[in-house]
Amino acid sequence: MSNSTNEKIIAIDGPAGSGKSTIAKALAKKLNLDYLDTGAMYRAVSFISIQQNIDVLDEKKVLAIAKEMDFNFEDGICVVNGFDATRDIRGSEVTRVVSVVAAMPTVRQEMVDRQRLWVKEKGGGVVEGRDIGSVVFPKAKVKVYLTASEEVRAERRIEQEETLDASRVADSIRKRDEADKGRLNSPLVRSEGAIEIDTSLMGVEETIEEILGLFKWK
Ligand code: CDP
């Protein structure tokens, strides 16, 4: 396994709307570490597949897209095959298919290899996703499992997406949670040793302080 325990890795997992991106970004800034949104990688594969009219149920074809994909994530900007796709990868069509693409074992392996390489090159980082503490970096120095009530998570998404269609958003989150938790490969779980933090009633600063209080770098 490529993740040495000498690397400063903070693994943050949790369902949609639990606050992963906000917390991971802020933590990275505070600790002067790089930040990687692994969901953006699965979204990027889904986006390119849709763009190229690939059948997203065809694992071989999706894997070919994943292998060819040039993916760059720097300061929250996601550049895919040379184009800034930060906005596009969060579109509703991508959100609809991403859990299907993310359930493909060969595609996951490709992404996990890239995530480990990224951390190796950066010498550590704050990495957020669904399987970071369980599969990608089980030996991460700090593992956090963020949660929040279904209502709060849906509210956050509604704010982010600036939509009034609350029931559609809640439904989409519920379906994705089910798919991510129920899949055979690398399901979303609270990994061994992960500290669970419920952010329903917590602000960003408070959550960060709690995480920072959990550990001391050796
Ligand atoms: O930001 P949001 O919570 O909506 O999701 P995301 O982090 O962008 O991830 C999108 C999807 O990618 C998730 O619903 C999972 O299906 C998949 N994913 C995954 O399987 N493993 C990861 N490490 C990260 C994301």
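The values are calculated or read from the model by the stated rules, or taken from the named source; none is laboratory data. For clarity, every value in this text was computed on a predicted model and none was experimentally measured. For neighbour counting, all protein chains shown are included, and Cβ atoms are generated from backbone atoms with ideal geometry for every residue, glycine included. The accessibility values were calculated without ligands, DNA or RNA, using every heavy atom of the protein model including side chains. Shrake-Rupley method; radii C 1.70, N 1.55, O 1.52, S 1.80 Å.
For this structure, a couple of remarks:
- Selected residue [away from the ligand (no atom under 13 Å from the Cβ) and within 18 Å of Ile48 (Cα to Cα)] from Thr106, Thr86: Thr106
- When the stretch 69-91 is filtered for residues that are in a strand (DSSP E or B), over 13 Å from Gly39 (Cα atoms) and touching a Phe, Trp or Tyr at 6+ places or on another chain (Cβ under 9 Å), the ones remaining, listed by number, are Val79, Val80.
- There is no residue in the stretch 175-189 that is closer than 17 Å to Ile9 by Cα, out of contact with any helix residue (DSSP H, G or I) (no Cβ under 6 Å at 6 or more places or on another chain) and at pLDDT below 95.
- Selected residue (only one of Ala140, Ala148 is within 12 Å of the ligand (Cβ to nearest atom) and surrounded by 15 or more Cβ atoms within 10 Å (Cβ to Cβ)): Ala148
- Restricting the stretch 163-201 to residues that are in a loop (DSSP other than H, G, I, E, B) and of a type in the set (A, V, I, L, M), the residue that is nearest to Val152 (Cα to Cα) is Leu201.
- Inspection of the stretch 129-140 identifies no residue that is more than 24 Å from Phe73 (Cα to Cα), not in a helix (DSSP H, G or I) and not acidic (Asp, Glu).
- Subset tally (residues that are closer than 19 Å to Arg43 by Cβ and among the basic types (Lys, Arg)) for the stretch 117-173: 5
- Filtered by the rule that a residue be more than 14 Å from the ligand (Cβ to nearest atom) and either open to solvent by less than 10 Å² (accessible area, probe 1.4 Å) or on the phi < 0 side of the Ramachandran plot (or both), the stretch 22-49 gives Ala26, Leu27, Ala28, Lys29, Lys30, Leu31, Leu33, Asp34, Ile48.
- Exclusive hit being surrounded by 11 or more Cβ atoms within 10 Å (Cβ to Cβ), in contact (Cβ under 8 Å) with a residue 40 or more places away in the chain, in a helix (DSSP H, G or I) and under 15 Å from the mean Cα position of the chain (by Cα), set Val94, Val62: Val94
- Condition check for Lys60: more than 25 Å from Ile195 (Cβ to Cβ) and among the charged types (D, E, K, R): yes
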